[in-house]
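The values are calculated or read from the model by the stated rules, or taken from the named source; none is laboratory data. Just so you know, these numbers come straight off a predicted model, no measurement behind them. Every residue, glycine among them, receives a Cβ derived from its backbone with ideal geometry; neighbour counts consider all protein chains shown. Surface areas here come from the heavy atoms of the whole protein model, side chains and all, with no ligands, DNA or RNA. Shrake-Rupley method; radii C 1.70, N 1.55, O 1.52, S 1.80 Å.
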Amino acid sequence: MSGENFDVVRAAWDAFSRHDVDDFLDHVHPDVEIVPFGAAMEGEAYRGHAGVRDWWEHEIDANWETFDPHAEDFEEVGDRLVVFGHWIARGRTSGVDLNMPATWVVDIKDGKIARWQTFTDRDDALRAART
């Protein structure tokens, strides 16, 4: 099952990289909760498809010319999937290019992403996945 779950994440991240929000949401559970890195720092989360669209419009599209997550490998931790990779982005206003390591802790429900949280530190992500 974990390989299938990883395929769901990779397909979702691919749609994200293509800026295809509708295709992305096809891989996301209607009751999803997402906690991107910046939101976690502010104690925020986005819930449901409407919350994801709001995040996409006001955070991703508003601030980034490109924003491409890349899922490279995974590890199962209990019922969770810990996905290792990186993201590449270019600031919309600054033009600054970034290439950052990322680890996502992902819960899958009914073959769709039900929750994910982004971490920049692999060890922090693994600790969070175990709780």
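Values as computed for the structure displayed
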{"read-out": "Residues that are exposed (fewer than 15 other Cβ atoms within 10 Å of the Cβ), of a type outside the set (S, T, N, Q) and under 20 Å from L81 (Cα atoms), drawn from the stretch 1-39", "value": "M1, G3, E4, D7, D26, P30, D31, F37"}
{"read-out": "Selection within the stretch 113-127 - crowded, with 18+ Cβ neighbours inside 10 Å and not β-branched (V, I, T)", "value": "R115, W116, Q117, F119, A125"}
{"read-out": "Counted residues, the stretch 89-116 - those being among the small types (G, A, S), under 19 Å from E59 (Cβ atoms) and touching a residue at least 24 places away in the same chain (Cβ under 8 Å)", "value": "4"}
{"read-out": "G85 vs. criteria touching a Pro at 6+ places or on another chain (Cβ under 8 Å), surrounded by 13 or more Cβ atoms within 10 Å (Cβ to Cβ), under 15 Å from A12 (Cα atoms) and not polar (S, T, N, Q)", "value": "yes"}
{"read-out": "Members of the stretch 18-42 that are within 21 Å of M100 (Cβ to Cβ) and without any contact (Cβ under 8 Å) to a residue 40 or more places away in the chain", "value": "R18, F24, G38, A39, M41, E42"}
{"read-out": "Boolean, F84 is within 17 Å of F16 (Cβ to Cβ), in contact (Cβ under 8 Å) with a residue 40 or more places away in the chain and aromatic (F, W, Y)", "value": "no"}
{"read-out": "R47 vs. criteria open to solvent by less than 80 Å² (accessible area, probe 1.4 Å) and basic (K, R)", "value": "no"}
{"read-out": "T103 within 16 Å of the chain's Cα centre (by Cα), among the polar types (S, T, N, Q), closer than 17 Å to A45 by Cβ and surrounded by 13 or more Cβ atoms within 10 Å (Cβ to Cβ)", "value": "no"}
